[in-house]
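S.K.: Sharing a structure below in structure tokens format, with a few things to ask.
The values are calculated or read from the model by the stated rules, or taken from the named source; none is laboratory data. Remember, it's a predicted structure, so these values are computed and weren't measured experimentally. Cβ placement follows ideal geometry from the backbone for every residue including glycine, while neighbour counts extend to all protein chains displayed.
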Protein chains: 2
Amino acid sequence: MSSYIVGVDVGGTFIKTAIVSWDKRVIGKSSCPTHAQEGPQAVMDAMEGGVRDLVAQNKISMSEVMAVGIGAPGPMNWKTGVVYSPPNLAGWKDVPLGTEMQKRLNVPCFIDNDANAACYGEFWLGAGQGAENMAVLTLGTGVGGGLIVFGLLLRGEDGTAAELGHLKVQRDGRLCGCGSRGCLEGYASVTGMVRTAIEALESGRSSLIHDLCQGDHARITGKMIFEAAQEEDEVALWTFEETATWLGLGIASIINFQNPEKIVLCGGMIDAGEMLFEPVRRVAKANAFQVPAERCKIVPAGLGADSGVLGAAGCALARYEAAN
Amino acid sequence: MSSYIVGVDVGGTFIKTAIVSWDKRVIGKSSCPTHAQEGPQAVMDAMEGGVRDLVAQNKISMSEVMAVGIGAPGPMNWKTGVVYSPPNLAGWKDVPLGTEMQKRLNVPCFIDNDANAACYGEFWLGAGQGAENMAVLTLGTGVGGGLIVFGLLLRGEDGTAAELGHLKVQRDGRLCGCGSRGCLEGYASVTGMVRTAIEALESGRSSLIHDLCQGDHARITGKMIFEAAQEEDEVALWTFEETATWLGLGIASIINFQNPEKIVLCGGMIDAGEMLFEPVRRVAKANAFQVPAERCKIVPAGLGADSGVLGAAGCALARYEAAN
């Protein structure tokens, strides 16, 4: 009997794999390097190996796998499973990831945008369980988004919905990789936070961050800013407050847009805990309408770093069931 | 047989009423003054009179009316039909509009936010017909919004979704009536456009607008700015470009959020035609992702000033059918 779903999360550095049973139990998980620099075939080799190894380790036969769900970086066509040219997968150009993986594994394969997969994961098994109307923000190099409305993932007409990192929060603001200016991503991503810190340092403010990066601002990471903030470093604390203010304003827009039950934050940045969540909640509440602001719980991911890989499995299960 | 639905749109100045048949034919329309300054009972008297008169004029018996839909200004509870305290209906405080009108008319009455009703009207009978994923912006004193996703009106958990006029487009921007700053409404409403013009005039720029308002800036209207723009007045043209730029940025956010098929613009401002639509489309396209920007048609209301009153009837029909 086909009782299992396998989820795969293709990141720029690691490929994660997980097996979930039809009754939502996580059976096993693994991770391997992406080898992104070796091009699409090598990445697909790694994906195939990851799935086959994990299935074998858990004494499951491939015939017991009803579907494989793959969360991959966009832009992509989620229906056809073609991945266009994601910035962090070098050499990828219109790769038919869905059909290729289906050929390799001989199991129905479903492709979804990684942030949508993370959203579905939190909805299905994580902090969003029970919510029919919610949003997810993934705070990393960029800011990804996912939306559940009426209990369904909102993919939009072309599968490009929920690009919440590209809400415009400042006219003529920071130039964004998408070609626009003033996108939320430019301020509320880890990259945006680092840029905010660098701007403060370059205006001549002294800071522990300067020591941590050994004077080389190009080496500043989110973690360094967090470490400095824990030491009460003024620039680091200000950088967190700034980043959280932008994020809170973006979240206020999402609350006014969607009147959701929950907004779930994912990604490494949430390890900062209350240093991030307290000002985010405060700014969001001050800038959204009162009733929906009080309704909306702003919470950290319930699945930690596994929202994407488990959500990819969940998306595949939902799509498999809808098709069968 | 109950074959008709009556829609009512309660505005600050006029109450509109319309009869629609079950097969979407508009049977009759009327309009009467709201008498808002006389308080809730007078307004409900006018609403009741409007419905009864229009039904009688069209030789329909009240027993043939299956439901009455009322679009009213928020904030409100659309489920219980209680209208809280709308700024343009003086003296209203927690008025149980739904049950009161149902008692008066002896027909099921359904209350909805007026911008949601306008959205539903355009979806049901107007420019949005056939779209399952769309947004409506009503450009008036404020900026209202409505959203259709998966072919359903998205009201949100508390009925406050789609407050698209309160997307944040500028940190620390213009103070908004909602208590926040930098809301789209502050720039893209008629009021916002007038304010933009006044700021230009007060910076010393000479303009035909100054003559049209006879030097009294408090008297400037959107119509005056439009008239001056038609005469190629520089400040007026700049004001339109500014207003359209803000609106285009807001629309780019909506496109990135929702990946909709259509965005329908309603309200008196759309009479400006291409002077508004050309820059709005240009700015939206330049700032949203390419695929969804090309997908999304930005179009004027198909029902003119009747989106709200017809949509109120449509909302009532949908809710009546869902309940029966």
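S.K.: Quickly run through segment B:1-52 and pick out the residues that are touching a residue at least 60 places away in the same chain (Cβ under 8 Å), part of a strand (DSSP E or B) and farther than 19 Å from B:Arg104 by Cβ.
M.R.: B:Val20, B:Val26, B:Lys29
S.K.: Name the residue, out of B:Ser253, B:Ser307, that is assigned to a helix (DSSP H, G or I), within 13 Å of another protein chain (Cβ to nearest Cβ) and under 20 Å from the mean Cα position of the chain (by Cα).
M.R.: B:Ser253
S.K.: Looking at B:Glu100, is it more than 30 Å from A:Val283 (Cβ to Cβ), more than 14 Å from chain A (Cβ to nearest Cβ) and among the acidic types (Asp, Glu)?
M.R.: For B:Glu100, the condition - more than 30 Å from A:Val283 (Cβ to Cβ), more than 14 Å from chain A (Cβ to nearest Cβ) and among the acidic types (Asp, Glu) - is met.
S.K.: Check B:Asn133 against each of (1) within 17 Å of the chain's Cα centre (by Cα); (2) under 24 Å from B:Ala293 (Cβ atoms); (3) within 12 Å of chain A (Cβ to nearest Cβ) and name the one condition it does not meet.
M.R.: Just one mismatch for B:Asn133, condition (1).
S.K.: Anything in segment A:86-99 that is modelled with pLDDT of 85 or more and of a type in the set (Gly, Ala, Ser)? List them, or say none.
M.R.: Passing the criteria: A:Gly91, A:Gly98.
S.K.: Name the single residue, out of those in segment B:261-285 being among the small types (Gly, Ala, Ser) and assigned to a loop (DSSP other than H, G, I, E, B), that is surrounded by the fewest Cβ atoms within 10 Å (Cβ to Cβ).
M.R.: Filtering first and then ranking leaves B:Gly273.
S.K.: Would a scan of segment A:55-63 turn up a residue that is without any contact (Cβ under 8 Å) to a residue 24 or more places away in the chain, touching a Ser or Thr at 6+ places or on another chain (Cβ under 9 Å) and loosely packed, with under 15 Cβ neighbours inside 10 Å?
M.R.: no
S.K.: Just one of A:Ala316, A:Ala288 is hydrophobic (A, V, I, L, M, F, W, C), closer than 29 Å to A:Ser21 by Cα, touching an Asp or Glu at 6+ places or on another chain (Cβ under 9 Å) and buried (at least 24 other Cβ atoms within 10 Å of the Cβ); which is it?
M.R.: A:Ala316
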